[in-house]
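**Q** For reference, the structure I am asking about is given below.
The values are calculated or read from the model by the stated rules, or taken from the named source; none is laboratory data. Predicted model, so just to flag it, every value in this text is computed and none were measured. Side chains included, ligands, DNA and RNA excluded: accessible areas come from the protein's heavy atoms. Shrake-Rupley method; radii C 1.70, N 1.55, O 1.52, S 1.80 Å.
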Amino acid sequence: MASFNKVILMGNLTRDPELRYTSGGQPVCNFSIAVSRQWNDKQSGEKKEETTYLRVTVWGKQGENCAQYLAKGRSVAIDGRLEWREWEAQDGSKRQAVEIIADSVQFLGSRGEAGGGE
């Protein structure tokens, strides 16, 4: 059976991007986005909203561009895949996380709409 791992998200950055370089010199940028969904409760008719916060990783030149041009509050559209990571923390506890590995990041809105970092 074939498998498929693709996500398309639109949301706003919850913090400024962080750029670092691997020991091999490869740029990697990390940031988080907030993605909301809205619906009407069937029983009460009340409008509801739920927000999910997701960690995003962008590699290479595109990661450098994200670090240079994005800031907290900026809207983005992301096309990528889900990745599950497990690691051991410094205190010896096991940690787990799901993150988005971006294949492409589209900057939405204008730079002036971001909450800072201009």
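**Q** For the chain, set up a Gaussian network in which alpha carbons nearer than 10 Å are linked by springs, and say which option among 95, 81, 15 fluctuates the most.
**A** Comparing 95, 81, 15 in a Gaussian network model of the chain, the most mobile one is 95.
**Q** Have a look at 60, 80, 92 and tell me which one the Gaussian network model of the chain (Cα, springs below 10 Å) gives the largest fluctuation.
**A** Greatest mean-square fluctuation among the candidates belongs to 92.
**Q** Give the carbon-plus-sulfur fraction of the accessible surface of the chain in %, rounded to a whole number; probe 1.4 Å, heavy atoms of protein chains only. If you can, show how the numbers build up before the last one.
**A** Numbers: 3700 of 8040 Å².
In the chain, the share of accessible area belonging to carbon and sulfur is 46 percent.
**Q** Given q = 0.13, 0.16, 0.21, 0.27 Å⁻¹, what are the Debye log10 I(q)/I(0) values for region 29-96, with equal point scatterers placed on the Cα positions and solvent ignored?
**A** Listed by q, the Debye log ratios stand at -0.60, -0.78, -0.98, -1.20.
**Q** Among 97, 67, 77, which one moves the most in a GNM of the chain with springs linking Cα atoms closer than 10 Å?
**A** 97
**Q** In addition: Give the average over all directions of the projected area of the C-alpha convex hull of the chain, one decimal, in nm².
**A** Values: hull surface 46.4 nm².
It is 11.6 nm².
**Q** Counting helices only, and only those DSSP H runs with n ≥ 4, report the 222 nm mean residue ellipticity of the chain as the sum of -39,500 (n - 2.57) divided by its residues, in deg cm²/dmol to the nearest 500.
**A** Details: 1 runs with 10 residues, N = 118.
Calculated at 222 nm, the ellipticity per residue is -2500 deg cm²/dmol.
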